[in-house]
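Participant: Below is a structure I'd like to ask you about.
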Amino acid sequence: MALLEVENLTVAFDTPSGRVHAVNDVSYTLDEGETLGVVGESGSGKSVHVLAMLGLLPKPPAKVLGGRVLFQGRDLLAMSQAELRSLRGGQIGMVFQDPMSSLNPVLTVGRQLREVIERHTDLKGRHADARATELLDLVGIPRPADRLRQYPHEFSGGMRQRVMIAIGLSCNPKLLIADEATTALDVTVQAQILDLVRDLKDRLGTTVIWITHDMGVVAELADTIQVMYGGRIMERGPVGPVFRDPRSAYTWGLLRSLPDEGARAQRRLYQIPGSPPNMAAPPVGDPFAPRNPFATDRCHREVPPLRPVDAHGHMVAAWYDLPAALREAGHV
């Protein structure tokens, strides 16, 4: 059953140098219990599209130019700020990239947890404290009752991110959105956080959108991968088929740029040529065409729609046949 339906979402920013087209006609469906990994370079629209859904972009300069975002059948884009506030933190939890800037440095961790719990549930006072203690224990923080009285600077980076996850999960949300939640952490702590989220998802049945630039994180955590570039979805589908048989040259480039221990001595690390597009003056046609060695003339003229690759949800936006192009270029 679909929990979230995004239909033709389009978002822009009006700046002194012109309108920046950040998200362009994005559509997808997220089922209950599904984990969606959203990947792409900086500026691809990964974070902006979810912030637009939740009404968290400053207006102006941000402007939603079109589309609908149905959460359990209700259009988030048509809601008032009061209605959105009742959903955010309650039915929709959010974990931001930098916990030190997301947590209030002058309030205790316990107070910040209680604030969310008391706003979105019937628990008050010591009952809210008990729930906060339970949450810190759930995310693996030792001596949780004592930790409630401490401030964010008394926690390590990994522990602060666990607090953010606890806040995001505090009201048993239907949907948890994690925006680059492990980017600033070292690889050991990152692995612990991913294990934690996977365990909590299995226990609580939470639906997850995990935004990242790390394909390895998506491979470990997600059921579905969504590759974005230039504010558009370039490829989408189950993680296994997309990783084994990418159909977008952009996805292929991202996967090829991953370190391969077996081939470390045989080849240099691949680098996608060029730079992401200037979305104040986006290229005509496929936004990746100027960087795509397999682009056709049509790629430079027309924007390709998402089309099915198979009957199992694998979709691509491309005018070219990537497997044939790779064979012709000697990559297969």
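The values are calculated or read from the model by the stated rules, or taken from the named source; none is laboratory data. Please read these numbers as outputs of a predicted model, since none were measured by experiment. Note that we place each Cβ from the backbone using ideal geometry, even for glycine, and neighbour counts take in every protein chain shown.
Participant: Kindly indicate the residue of segment 179-194 that is touching a residue at least 40 places away in the same chain (Cβ under 8 Å) and not polar (S, T, N, Q) and also farthest from Trp210 (Cα to Cα) among those meeting that condition.
Facilitator: Out of the qualifying residues, it is Ala184.
Participant: While we're on this one: Residue by residue through segment 202-246, note down the ones that are under 17 Å from Pro173 (Cβ atoms), of a type in the set (Val, Ile, Thr) and modelled with pLDDT of 90 or more.
Facilitator: Thr207, Val208, Ile209, Ile211
Participant: Restricting segment 166-216 to residues that are of a type in the set (S, T, N, Q) and closer than 16 Å to Leu136 by Cβ, which is surrounded by the fewest Cβ atoms within 10 Å (Cβ to Cβ)?
Facilitator: Asn172
Participant: Quick check, is Leu36 surrounded by 15 or more Cβ atoms within 10 Å (Cβ to Cβ) and assigned to a helix (DSSP H, G or I)?
Facilitator: When the stated conditions are applied, Leu36 does not pass them.
Participant: Now for a different question. Whether any residue in segment 250-263 is crowded, with 21+ Cβ neighbours inside 10 Å, more than 22 Å from His49 (Cα to Cα), of a type in the set (A, V, I, L, M) and over 23 Å from the mean Cα position of the chain (by Cα) is what I want to check.
Facilitator: Scanning segment 250-263, I find no residue that is crowded, with 21+ Cβ neighbours inside 10 Å, more than 22 Å from His49 (Cα to Cα), of a type in the set (A, V, I, L, M) and over 23 Å from the mean Cα position of the chain (by Cα), so the answer is no.
Participant: Only one of (1) buried (at least 16 other Cβ atoms within 10 Å of the Cβ); (2) closer than 29 Å to Glu115 by Cβ; (3) out of contact with any Ser or Thr (no Cβ under 9 Å at 6 or more places or on another chain) is not met by Ser44, so which one is it?
Facilitator: (2)
Participant: Inside segment 39-64, can you point out the residues that are assigned to a loop (DSSP other than H, G, I, E, B), touching a residue at least 40 places away in the same chain (Cβ under 8 Å) and among the charged types (D, E, K, R)?
Facilitator: Glu41
Participant: Sticking with this structure for a sec: With respect to the numbered conditions (1) farther than 27 Å from Pro173 by Cα; (2) out of contact with any strand residue (DSSP E or B) (no Cβ under 7 Å at 6 or more places or on another chain); (3) among the charged types (D, E, K, R), which one is the sole condition not fulfilled by Asp199?
Facilitator: (1)
Participant: Continuing with the same structure: So in segment 155-170, with the set limited to residues that are in contact (Cβ under 8 Å) with a residue 60 or more places away in the chain and out of contact with any strand residue (DSSP E or B) (no Cβ under 7 Å at 6 or more places or on another chain), which one is farthest from Gln91 (Cα to Cα)?
Facilitator: So the residue we want is Arg160.
Participant: Quick check on this structure: which one of Ala132, Ala52 is under 27 Å from Tyr250 (Cβ atoms) and surrounded by 15 or more Cβ atoms within 10 Å (Cβ to Cβ)?
Facilitator: One residue alone meets the criteria, Ala52.
Participant: For Pro276, which of the numbered conditions (1) assigned to a loop (DSSP other than H, G, I, E, B); (2) out of contact with any Pro (no Cβ under 7 Å at 6 or more places or on another chain); (3) at pLDDT below 90 fails to hold?
Facilitator: So the condition that Pro276 fails would be (3).
Participant: Tell me which residues, restricted to segment 222-249, are crowded, with 24+ Cβ neighbours inside 10 Å, touching a Phe, Trp or Tyr at 6+ places or on another chain (Cβ under 9 Å) and over 21 Å from Arg291 (Cα atoms).
Facilitator: Ile225
Participant: From the list Asp75, Asp31, Asp25, Asp98, which residue is of a type in the set (Asp, Glu), farther than 24 Å from Gly205 by Cα and touching a strand residue (DSSP E or B) at 6+ places or on another chain (Cβ under 9 Å)?
Facilitator: Going through Asp75, Asp31, Asp25, Asp98 in turn, the sole match is Asp25.
For (1) crowded, with 18+ Cβ neighbours inside 10 Å; (2) at pLDDT 95 or above; (3) in contact with a Leu (Cβ under 8 Å, 6 or more places away or on another chain); (4) not basic (Lys, Arg), each residue gets a yes or a no:
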{"site": "Thr10", "(1), (2), (3), (4)": "yes, yes, yes, yes"}
{"site": "Thr15", "(1), (2), (3), (4)": "no, no, no, yes"}
{"site": "His21", "(1), (2), (3), (4)": "yes, no, no, yes"}
{"site": "Lys59", "(1), (2), (3), (4)": "no, no, no, no"}
{"site": "Leu87", "(1), (2), (3), (4)": "yes, no, yes, yes"}
{"site": "Met100", "(1), (2), (3), (4)": "no, no, no, yes"}
{"site": "Val116", "(1), (2), (3), (4)": "yes, no, no, yes"}
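Participant: Follow-up. If Trp210 satisfies every condition in (1) assigned to a helix (DSSP H, G or I); (2) of a type in the set (A, V, I, L, M, F, W, C); (3) within 27 Å of Ala62 (Cα to Cα) but one, which is the exception?
Facilitator: So Trp210 meets the others, but not (1).
Participant: Name, by its number, the condition in (1) farther than 21 Å from Leu3 by Cβ; (2) of a type in the set (A, V, I, L, M); (3) touching a helix residue (DSSP H, G or I) at 6+ places or on another chain (Cβ under 8 Å); (4) surrounded by fewer than 17 Cβ atoms within 10 Å (Cβ to Cβ) that does not hold for Leu65.
Facilitator: Result: Leu65 passes all but (3).
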